[in-house]
Structures are given as C-alpha cells and as structure tokens.
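Here the structure is laid out as structure tokens; the discussion comes afterwards.
What follows draws every value from the coordinates through simple rules; no lab data is involved. Note that this is a predicted model, so its numbers are computed, not measured. For neighbour counting, all protein chains shown are included, and Cβ atoms are generated from backbone atoms with ideal geometry for every residue, glycine included.
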Amino acid sequence: MATPKGGYFGKMLEVDLSSGKISTRAMDEQIYKDYVGGYGLGAHLLYKELPPKTDPLSPQNILLILPGPFNGTSCPSTRLNMCFKSPHTGIFAHTEVGGNAGNEFKWTGWDGVIVKGKAAKPTYLVIHNDKVELRDASKLWGKDTYETDEAIKAELKDDEFRTIVIGPAGENKVTYACIIVDRFRAAGRSGGGAVMGSKNLKAVAIKGTKAVPVANVEAYNKLAAEAKDMCSNVEAWQGVKRWGTAGLMEFANFVAGSLVAKNYQTSWYPDVEYLGAEEANRTFWKRHTACPNCPMHCMKLGVLRTGGKYDGLIAEGPEYETGVMMGTNLGLVEFEGAMKGIEECDAMGLCTISTGNVIGYAMELVQRGLLKPADLDGVKLEFGNAEAAIAMVRKIARKEGKAGALLSLGIKRMADKLGGDASKYAIHTKGQEMAAHDPRGFKPRGVSYAMGQQGGDHHEGNTPDGQAVFAWCCSAVTCTLATATPWAKRRPGIVCEMLNSLCGWNMKDEDFWTMGKRFITAARVFNIREAGISRKDDVLPVRMTTEPLPEGPKQGAVFTEEDTKKMQDDYYAYYGWDANGIPTPETLKSLKLDYAMEVTKKA
Amino acid sequence: MSESKEGQKGEVVQVTLDRRGFVKGSFTLVGGMLLAIEASKLVGPGLLFAADAPGKLKPEEMMKYLYAVREGCTGCRSCEYACSMYHNNGLVRPSVSAVHVKKYKNVIDIPMICWHCEDAPCVKACPTTPQAIVKDKETNIIKYIDDKTCLGAKCNKCIEACPSGFLRRHPDTGWPIFCDLCGGDPQCVKACQAQATDTAPVLSTAKKGFGVNLAYRNVNVKDAAEGLMQTLYYPNTDGGRR
Ligand code: SF4
Ligand code: SF4
Ligand code: SF4
Ligand code: SF4
C-alpha cells in the first residue's frame, strides 16, 4: 500500500457509533489518484461500502466527512465536503461548506472520517489530532446550532475547537436539515443534518495542530500563490467582494430575468430593492468575512439596525440563494423579516434554500385554496407574511403540529401526500428543491438543476463540462465560486500541476477532464443502483416547461421540450452515456468504473 | 516616560510613548494636530528618534512595528499562513504561526500580533540568567536566544505575562512562539495587504508613534473582542441571538 508524498496522510478515521469503536483505516494512494477526495471519493466509497437500497435514515447509512488534498495547504479557498445517501432524495448527496472546519480537520492528521452506525444516546465526536473520543451530548440535545457550538467550546475549555453541528431540525430528522459550521455556514443541501440526527450524532469538534505534508514545497507554493491571484482577479467577481452574492439579486431581477419570486410564479419582483444587497448595506452589513486563505470575502456579517422587532439581530447573509428563497420567494417586502428567517434557519439547522422553497410552495397552495388555515395550525401562511414564515421555520424544525409535520416532508413528498393539483406547483428535480435561479430566465441553470447528480442544486455546473469542473471543485474541495471560473476558464491544468507538486504525482492536463467525468459517472451509477435514475428524471419541474414567464426582462420565456432534449443529449454525449442516460460499458471501462457494469446492464 | 511633540498646523506629528499604562490616557485630535494631553515633556523637532538611534541604522529601519486596524479583519487567516510558511519550511501550520486570529462568538475575528513592547512584560517575566528573551533595540523584536536557554513548557512565564495574550505555546515542544518581524520584512503584513484588494488592509508596519506600539498593549483578547462588539454590533453587544 503506497502512501502519498503529500496532500494526504494516508489514513482515515472510522467511527462506529453503534459499538463506540474508533479505528484507523489505511488508505492506498491509488484511490486518491483516481478519486482525489470529496465528491469523487465519496461517490466511490458509498458505492463500494453502502449496501444497495439502504434506508438513508437507518444506522447503516454512511456519513463521510471529507476534506480534500488542498485543505490546510497554501491553496486558496478550501472548504469541507460531506457525502452520504440523501434522506431527502434517496440518491447521492455531496454537500460542501466554507468556514474553518475543513482546514482544521486536515490539520488533525486525518484524511477524513467514515461514520457508521447509531449511538445509543446523543453523542458528539471530538477529534484533537490523534486523540479521538466520543462524548455524551445529552445536554446539547435540543440546543440550536449557535448554543451547541458555544456549549462544546465551554465544555472542552478550549475556544480553538471548530465544530460541525446540527440543530433541532437534524435531531428531528427533517430530511432537508443541514449541518452548520462557524455559526452561519451551512452544508445545506440533501439533508446531512438528518443523517447525523439519525445517528444520534449532535456534533463533531475538531482541533488540529499538524501541517499537511507537501512533496515539492517550493513548486507547490508558487502554483498556489498563482492560483490565489487568479481567484482574486476575476473581473466578473469584483462586485462579489463588495456586495457578496446578494448583489446578484437586483441583477437577476432587472437584467437576467431569472429571479425567483412567489414560488416561481414570476421572475419580476421590483421590491427586491428592499431585500437585496443595497438594503443590506444600508441597514445591516458591518463586515466582510472570508474562508481560510480566500481573497473573496464573499460573506457579510451584520447587525440589524432597523429599529424593528429584530433590531440587534446578528447574522451572516443574505447570500443570493438565501436572500431570494427567504425573501422574494415568500413575497416579502421587508429586509428585517427575510434576514430573521435566514438566521432562524441557520439556528434551527435547516437548509435555507429548501426551507424557503417549501414555505413558498405552501403559500402558493394557500393562495390557490389547496391548503386551508386548519391544515396549518391556524398560521396565516400568505405571501408577504414574514412572521408566519418565521414561525413556520421553527415548526418545521420541530415537526410541530400539522403544519410542521406536513412542511417538514419537503416539496416532493408534500405534493405526493396532498395529491390532485398540488404537483403542478411543486418545484423540485429528483426530489430536491431548486436553488433560486429561474431556468426559464437563465437556461444554463436548467443544466445544473436537471442534470446535476443530487437534483435541484446550484453547485452542479451550467454546462456538461462545467459540471466536470464543479465536480472537480467538490472533489479537490475548493470553493465553486472562488475557484471554478478562474481556474477552469483560464488554466484548468493548474489543478493537475498543483496536485503533482503537492502529492508527487504525474498527472497530465488532459487527465483533468477524464477524472471530472469519472467523478460524475461514479455518482451516476450510484444513483442508478439506488433509485433507477435515468433520462426520465433529468428534467425540470412542469412549471418550467409549460408556464411562460409572465413579466420581466425575459417575459414569455419557457424551458421548451427542445431545450430539454438538447440539454440531455449534449450531456449524455459529453459523458459517454447512452440515450437513456446510462453510462455505456465502454465509458465505464475507460473511467475504471467496471465495477458498476452489473448495475448499468440491468438499467 | 512619554515624549511628544507639537507640530505645525496641518503637519502629522509623531508621538513616542514608551510608558506602559499610558494607553489608558486620553488623546484629542485638534485642527489636524495630534495632541497628547497627558504628555509631560515636549521635544524639539528632529529629536523624535534621537533617543533610540544607534547611529548606523536609518530610523525607518529600526522603527518597525506591527500595527493592526482590527475592525476590518475578514478572518481569512492569510497572515497565519504566511507566518507559518516563512518559519516552517514553507508548510502551512497556523498552530505555530506567531500572528494568530482569534474568533469570538463566531462574529469577530481578532488578529493577535506582538506589540514589541519597549519594556516588554514577557522579558521581565523571564526567570533565566542569562535571559532566554531580550528586547533587541536595533530590530525591536523580542529576541529568543535559543531552545537551550529557554525552559520551555515547564516555565512559560512569558506567556502568562504578555498583557495582550499574544504568546502561545508551540503545540509540540511547549516553547513560546515569538514574532521576529521576519528579519524586517513581515510576511503577515504582505499577505494581509495582498488579500485586501478592495478593503483596507488590517495589518501594516508602522513607525513607533501615536497609536502604534501602544494602542492595544493592555488589551487582551476578551477586551478587544468586547470592544469590537461594541463598535461593530451595537446594539447587540453580547453577540447572542435575537
Ligand atoms: S518559557 Fe522560556 S522565554 Fe518564556 S519565560 Fe520561560 S524561559 Fe523565558
Ligand atoms: S506583546 Fe506580549 S509578547 Fe509582545 S513584547 Fe509585549 S509582552 Fe512581549
Ligand atoms: S512579522 Fe513575521 S514573525 Fe511576526 S507575526 Fe508577522 S509573519 Fe510572523
Ligand atoms: S490577513 Fe489580515 S484580514 Fe486576513 S485574518 Fe489576517 S489580519 Fe485579518
């Protein structure tokens, strides 16, 4: 078994919560050469180690916590990746989060954690370099994410620990519960919080003081510095430094015609002016914050200075997605309510994107008389009612009452349960709520939602090769915003060169594209095995294909049948999949995924 | 003692202060002139650096200090990366970086730097003879003699003595980690300035003078954090949820 010369430590932690056994698993260098880390490695390990058709909320599901090779080195803008089988969609889940946990993790000297089983009572995992222990979390159970982080640092008497925590939503196994890092950063999509909750795992506390080995230090640091400059100097991203991604809210409304408002009933919402970056700048923002070694500082921390009910609220945001889903999508006109909604999602440990979608969907069902106040415990869930939305966030997290029970299902299951016309207004792909960009107004986004391997997510890539790039980012575990465009558009080979000098490898530039295809195809065969995913599932919600946008810059636009067909055909052709979206035997062979042959033959 | 100088109208005036505790004194900005109310002695023009000048070095060479405008810190930790790479064979290892960025309630990032105190409390606390650390008048650094002279983990008196909580123990050896100003070319400053393409950089080098080597000297992490909470997040100064 070969050990990498750098970038990895060659070992992972294996934690079986059922037995309390903690062990070391030696990792062969070849698996890293083939799958790198994060997304790619996660897809591969899940395929190999998860028994087919495992119930995602059962103890058998596996939670992989995976920093990448670049974490903790001089590489800019690294994050933390987690992979598991999603309880929300039943397919592959990869979720990434910024903040300090990813690098801290790497400095502990482990390449990742494989969490299995279920603890008998609430537990949290402490990783302090080589010292790893499971501790009782009974006192933390029920606490929000902020309180949990503070309580852990107090209990460990060390505020240098970084934490990965779940809130009440994860404890209650809401299938779109997220995992929170650094109080306001969320590994949002696909329900990782519910997987942790189902394992009785409240948190992971991490402190590392080691250095990541580097094969050729001088060459690597030079490349990493160049890579950082490339991140910093993308002309199109300069505004993101100043205005965060929230600055795109006004742009999406007035220019792109792709803003999401009132559950995708329209993309024209001039009141965005009271919810977007300019308003945040006037009454909320105070500081820029950045992930480790990132020159973008796209996050904005603020304190509400509106003099209203939530005066003094401290939070991070809004980002484009959170601001839209908890703001314009709910038909709000006040910044204060939207910001409180976002903060409440972070504290409860709910994916803000899915939560905003779900509440917006319920509001439309109320508007159309398909849901009655009696179905919602009397809450007046109407567009524009911020208080009702905030109350609903808390109810969802606790699955409280009829409303909490219903809305915590997520859009697909709600539509299935309600039946009738409800599915007409259900906006999701593969069971995943879509992320704040209307693909009628901005068609490339349709590729991300329809073709991405975890359903309606915005971090999947807007073109076939763009998805390979994003899968690379999520495998090398760098930020898709800060690194995808600057590296891939100008010099994708830089990633291979960095890995060569970091790990002592001999990758060639063209390997970049082959490996990108491997990561995505590995996730695809997992999805085929688990849920029979094929062409029929690579589609957008019916509203996108039948209802033209009623107003705004892209008035009349619709995602046509031809658009769908072209999107699918181009994608399958690029990845070497057949017309039904199943990887061909030749493709599997060329990508070293022969092991999936049985499964694709049956599909 | 503190020294100060009154300048001509509109001219920037340097004030040298080297008495601990003076930080609690008050300053007023009058008509473009910095006036140290508490200053007891005025010195003539040109004498500003005379007291310490050893002759050979130019004042700007010897007067290097680190300075931080902490309000703008993004918590990017580029400074820690740079410091550890420079002193650790090119490897990133924030746990051995001299400069370190503390997170408080996950809403404040406080870059902790050495103020290179004139009458450094860390030096005063060092029990060995000869002392394992000395204030180097030429470079301004607290010079760490060597691992043999220093008692390391069983002592760490310097760490306890540093009023701003800057000093930390090396996680492997227990020796204190001092800032050597990178031999006169602070890497943390370069890194901070490079990442600050559209914000004001937080770290800089500055000559000894008003606000420098002085402003934060008695301010530990908690005080600094609470001060910043006041400044940045009023009315929510405890940082809790609302
Ligand atoms: S740890 Fe070393 S430098 Fe610090 S006080 Fe003790 S002997 Fe002096
Ligand atoms: S700030 Fe602390 S370490 Fe630096 S000189 Fe002063 S007492 Fe010593
Ligand atoms: S000046 Fe040099 S030694 Fe001191 S903190 Fe900065 S990088 Fe580290
Ligand atoms: S480099 Fe500057 S902005 Fe970044 S953490 Fe250090 S002091 Fe703060």
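Here are the numbers:
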quantity: Cα-only Debye scattering, region A:230-328: base-10 log of I(q)/I(0) at q = 0.20, 0.23 Å⁻¹; calculated: -0.99, -1.17
quantity: Overall dimensions of region A:73-215 by Cα: Rg and Dmax, Å; calculated: 14.3, 45
quantity: Within region A:40-101, trypsin sites (Lys or Arg not before Pro) in DSSP loop having at most 10 other beta-carbon neighbours inside 10 Å; calculated: A:Lys53
quantity: Stretch gain in nm, segment A:Arg491-A:Lys157, where the contour uses 0.36 nm per residue and the Cα spacing is subtracted; calculated: 115.7 nm
quantity: Segments A:515-526, A:139-150 sorted - mean Cβ within 10 Å per residue, highest first; calculated: A:515-526, A:139-150
quantity: Built amide H within the under 5 Å cut-off of B:Lys143, gap 5+; calculated: B:Val134, B:Lys135, B:Asp136
quantity: Point-to-point label distance, B:Ala161-A:Ala579, nm (Cα→Cβ direction, 7 Å offset); calculated: 8.3
quantity: Mean residue ellipticity (222 nm) of chain A, computed from DSSP H runs ≥ 4 via -39,500 (n - 2.57), nearest 500; calculated: -11000 deg cm²/dmol
quantity: Where a label projected 7 Å from the Cα of A:Arg25 along Cα→Cβ would reach, residues of region A:77-96 with amide N under 18 Å; calculated: A:81-86, A:92-95
quantity: Karplus 3J(HN,Hα) series, Hz, for region A:545-558 with 6.51 cos²θ - 1.76 cosθ + 1.60 (x for Gly, Pro); calculated: 9, 10, 9, x, 4, x, 7, x, x, 10, 3, x, 6, 8
quantity: Inter-label distance for A:Glu273 and A:Gln238, nm, one decimal - labels placed 7 Å from Cα along Cα-to-Cβ; calculated: 2.6
quantity: Cα→Cβ-extended label distance, 7 Å offset, between A:Thr546 and B:Lys154, nm; calculated: 8.2
quantity: Chain A: antiparallel DSSP beta bridges as a percent of all, rounded to 5; calculated: 80
quantity: Exercise: per-residue mean of other protein chain Cβ atoms within 10 Å, B:78-85; calculated: 4
quantity: Amide H partners (placed H, <5 Å) of B:Lys102, local residues excluded; calculated: B:Ile110, B:Met112
quantity: Residue-averaged beta-carbon neighbours from other chains (10 angstrom radius) around B:86-93; calculated: 6
quantity: Average silhouette area of region A:410-507, convex hull of alpha-carbon atoms, in square nanometres; calculated: 7.5
quantity: Binned Cα-Cα distance frequencies in region A:310-399 - 10 Å width, integer %; calculated: 19, 55, 23, 3
quantity: R0 of 41 Å, Cβ-Cβ distance A:Arg398-B:Asp119: FRET efficiency to nearest 0.05; calculated: 0.10
quantity: Whole-Hz couplings from phi, Karplus 6.51/-1.76/1.60, listed for region A:175-181; x for Gly and Pro; calculated: 6, 10, 6, 10, 10, 10, 10
quantity: Vicinal HN-Hα couplings computed from phi for region B:161-178 (Karplus, 6.51 cos²θ - 1.76 cosθ + 1.60; Hz; Gly/Pro x); calculated: 7, 4, x, 9, x, 6, 6, 9, 8, 5, x, 8, 9, x, 6, x, 9, 9
quantity: Peptide A:314-322 - average C-beta neighbours from other chains (10 Å radius); calculated: 2
quantity: Cα pair count fraction exceeding 23 Å, expressed as % - region A:444-602; calculated: 42
quantity: Contact order normalised by residue count of region A:209-341, Cα under 8 Å, 6+ apart, percent; calculated: 25
quantity: For chain A, alpha-carbon Rg relative to the globular expectation (2.2 N^0.38 Å, N residues); calculated: 0.89
quantity: At q = 0.13, 0.18 Å⁻¹, base-10 log of I(q)/I(0) for region A:246-433 (Debye sum, equal scatterers on each alpha carbon); calculated: -0.63, -1.16
quantity: Whole-angstrom gap from region A:470-507 to region A:90-120, using each part's C-alpha centre; calculated: 20
